[in-house]
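Please read the structure below before turning to the comments.
The values are calculated or read from the model by the stated rules, or taken from the named source; none is laboratory data. Keep in mind that this is a model prediction, so the values were computed, not measured. A quick note on method: Cβ atoms are made from the backbone with ideal geometry, for glycine too, and the neighbour counts reach across all protein chains shown. Just the protein is used for accessible areas: all its heavy atoms, side chains included, with ligands, DNA and RNA removed. Shrake-Rupley method; radii C 1.70, N 1.55, O 1.52, S 1.80 Å.
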Amino acid sequence: VKAEPVIRRGDPITVEAGAKGFAITRDGIAMGDAAAGARLLVKVDPAKPPIQAVALEGGRARLPGWER
């Protein structure tokens, strides 16, 4: 059974990263569909390659390896 995507290609999303004492966010556009916990590519800068993120919920993703 395939999980239902919480993020769909073309959705505007916020990518977060942080640790104790700091947090940073960046807006981007999803380059593909992703269920919660799945990885996806996110375009955050038109002049640079997409970054990889982990889907959390609709409109939110986190950089891999950054837990808050």
For the stretch 1-47, which residues satisfy the criterion of being assigned to a strand (DSSP E or B) and either farther than 12 Å from Leu63 by Cα or hydroxyl-bearing (Ser, Thr, Tyr) (or both)?
-> Ile7, Pro12, Ile13, Thr14, Phe22, Thr25, Asp27, Gly28, Ile29, Ala30, Ala34, Lys43
Restricting attention to the stretch 5-24, report how many residues are modelled with pLDDT under 95 and open to solvent by 80 Å² or more (accessible area, probe 1.4 Å).
-> 4
If you go through the stretch 1-40, how many residues are touching a residue at least 12 places away in the same chain (Cβ under 8 Å) and either hydrophobic (A, V, I, L, M, F, W, C) or in contact with a helix residue (DSSP H, G or I) (Cβ under 8 Å, 6 or more places away or on another chain) (or both)?
-> 16
Counting just the residues of the stretch 38-58 that are under 8 Å from the mean Cα position of the chain (by Cα) and closer than 13 Å to Arg9 by Cα, which one comes out surrounded by the fewest Cβ atoms within 10 Å (Cβ to Cβ)?
-> Arg39
